[in-house]
Amino acid sequence: MAKTRSAYFCQSCGYESAKWLGKCPSCNQWNTFVEEIIEKANQSVPDWKSGSKSMQRSNKPAAIHEIVFSEENRLITPDKELNRVLGGGIVSGSIVLIGGEPGIGKSTLMLQVALNLPGLKVLYVSGEESEQQIKMRAERLVPDSGKKASKSADTYILTETSTQNIFKQIEILQPDLVVIDSIQTLYSAHIESTPGSVSQVRECTAELLRFAKESGTPVFLIGHITKDGMIAGPKILEHMVDTVLQFEGDRHHVYRILRAVKNRFGSASELGIYEMQGSGLREVSNPSEILLSQRDEPLSGITISAMMEGLRPMLIETQALVSVSAYGTPQRSATGFDTKRMNMLLAVLEKRCGFKLSAKDVFLNIAGGLRVEDPGIDLAVVVAIISSHEDMPVDTKTCFAAEVGLSGEIRAVNRIEQRIAEAEKLGFEQIFISKYNLPSGRGVKTSPEWQKYKIAIKTVAKVEEVFNALFG
Ligand code: TYD
Ligand code: MG
């Protein structure tokens, strides 16, 4: 009989210890150790092709010039946003983890992908919903998915949580793509502890990883996230998989962002944008148009910034409201923008430009429920604050793309030409950028490569220059 063994696991990073510890030596979190029972691998339980030759194969070192390189085999899905985030389609044999808050639309996204792959056998394994529930959702996403001859005819639903049973069905069905919803509901008979525990999640992922690599079948894992936004389970889960995608957005807004956090087969700075509709997720191929609110007359406190999300330029609206504080301590709150960074920008305005903002409430809001990390939005934020403070609107055809430094200097940002081109495409008439974005010592007029733009490019070095140009 197999001997029962238990160990303590850090629930935050997956560190294993023989005894309980108050503080995790690996991630320095307190009180995260939980005892989990691990049973030694029981030989009678079949593993994914355990005992077969392929498992015992040992590799010999190969000289790098002898290794034959072939372009990875990619499965192009009809979902262009997903293809983009994955770096150009699903790589065969890859394992992709997709995390996100409950109700954000992870199951919807994966089911939609599964239903829209005509001619490919997709196995959708759900440990969370019943077959009826999934069928109901499928009817919403692809209305004729219930018919035998529809393009979704080759999508199979399996409600199962034991990995051994899942592998049994996989061997019978031979799918081209496997979706697991969710990794936290699976359990492997090799391990005693409950589904969702660190050791179970790790074991189930390892088994699926072995399956994906040996069979060349891509696997998507849906993962829950904890209350601080990390993917629940050990951090090593993210190390084990090839790609980690984060599905995020404000649940009260319709826009959702699919972001690559890690990608072994492409850029990790890509992102896809979706709109949640009554009939599933719709791809948003031109984000700028939806992120700008339609308005004709200029309003104070509103500015437009040409920012980059991943490798995509997009124009986004920033709104600021500055008002006299009713209480002793002024309130500062930002939605979609880092509050610390906003406080820093307020300090710059106070100290370097002489605006009296310390007794004012300041509220900042980025349109569309997006979270912006690109520092290129700084200048738009600063101008929005001053525009609201002075109650002087900024022209609707003006946009900004620059970072603001601690001494009030305007700093250069990356990919400036893409930002300018996007602003010009959307009909803006002038854009403020840092003068350091130009080749040193040259102006817009003297740089031939800058002549092609019809939009007026204003180069500035200090925040005051921007205020003088805008508000006189
Ligand atoms: P779901 O995919 O169940 O989220 P997760 O798997 O990440 O927990 O998301 C469901 C949410 O999306 C739910 O609140 C209803 C909404 N929704 C739509 O708005 N339109 C649709 O077509 C579907 C299927 C769901
Ligand atoms: Mg779900």
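The values are calculated or read from the model by the stated rules, or taken from the named source; none is laboratory data. Quick caveat, the model's predicted, so the values are computed rather than measured. With ideal geometry, Cβ positions are generated from the backbone for all residues, glycine too; neighbour counts draw on all protein chains shown. Only protein heavy atoms, including side chains, enter the accessible area calculation; ligands, DNA and RNA are left aside. Shrake-Rupley method; radii C 1.70, N 1.55, O 1.52, S 1.80 Å.
A few points about this structure:
- Of the GluC sites (Glu not before Pro) found in segment 344-422, the ones in coil according to DSSP and having at most 14 other Cβ atoms within 10 Å of their Cβ are Glu373.
- Residues whose amide H lies under 5 Å from that of Gly99, counting only those 5 or more places away or on a different chain, are Gly223, Leu245, Gln246, Phe247; hydrogens are built 1.01 Å from N in the peptide plane.
- Exposure rank, largest accessible area first [Trp30, Trp450; 1.4 Å]: Trp30, Trp450
- Positive-end extreme of charge dipole, segment 296-395 - chosen from Leu370, Leu357, Pro313 (charges on Cβ): Leu357
- Interchain or long-range residues, amide H under 5 Å from Lys23's placed H: Asn31
- In order along segment 349-366, the Karplus-derived 3J(HN,Hα) couplings, from 6.51 cos²θ - 1.76 cosθ + 1.60 at θ = phi - 60°, round to 5, 5, 7, 8, 10, x, 7, 8, 10, 5, 9, 10, 7, 10, 10, 10, 9, 9 Hz, and Gly and Pro are given as x.
- Computed Rg/Rh of segment 63-181, alpha carbon atoms with Kirkwood Rh: 1.01
- Rounded to 5, the percent of DSSP beta bridges in segment 322-464 classed as antiparallel: 30
- Per-residue 3J(HN,Hα) values for segment 450-467, derived from phi via the Karplus relation 6.51 cos²θ - 1.76 cosθ + 1.60 with θ = phi - 60°, read 9, 6, 6, 7, 8, 5, 6, 9, 9, 9, 9, 10, 9, 4, 4, 4, 5, 4 Hz in sequence order (x marks Gly and Pro).
- Per residue, the convex hull spanned by the Cα atoms of segment 290-471 amounts to 111 cubic angstrom.
- Mean ellipticity per residue at 222 nm, deg cm²/dmol - from DSSP H runs of n ≥ 4 across the chain, formula -39500 (n - 2.57): -7000 deg cm²/dmol
- Free-standing Cys, the chain [no other Cys Cβ under 4.7 Å]: Cys204, Cys353, Cys399
- Heavy atoms of His65 accessible to a 1.4 Å probe, total area in Å² rounded to 10: 150
- Solvent exposure ordering (accessible area, 1.4 Å, most first) of Leu173, Leu271: Leu173, Leu271
- Binning all Cα-Cα separations of segment 74-285 at 5 Å, short to long from zero, yields these whole-percent fractions: 1, 7, 16, 21, 22, 18, 10, 4, 1, 0.
- In the chain, the portion of solvent-accessible area held by carbon and sulfur atoms comes to 51 percent [1.4 Å probe, whole percent, DNA, RNA and ligands not counted].
- Isotropic mean projected area of the C-alpha convex hull, the chain (nm²): 29.7
- Length gained when the stretch Glu464-Glu350 is fully extended (0.36 nm per residue, less Cα-Cα span): 39.8 nm
- Net dipole in debye of the chain [+1 Lys, Arg Cβ; -1 Asp, Glu Cβ; about Cα centre; nearest 20]: 760
- With θ taken as phi - 60° and the Karplus curve 6.51 cos²θ - 1.76 cosθ + 1.60 applied, the whole-hertz 3J(HN,Hα) list for segment 404-417 is 10, x, 5, 9, x, 7, 9, 9, 6, 10, 6, 6, 5, 5 Hz, x standing for glycine and proline.
- Across the alpha-carbon atoms of segment 392-472, the computed radius of gyration and Dmax are 12.3, 35 angstrom.
- Most simply put, the chain has about 55% antiparallel DSSP beta bridges, counting only bridges with both residues inside it.
- Bridge type composition, segment 74-285 - antiparallel percent by DSSP, nearest 5: 40
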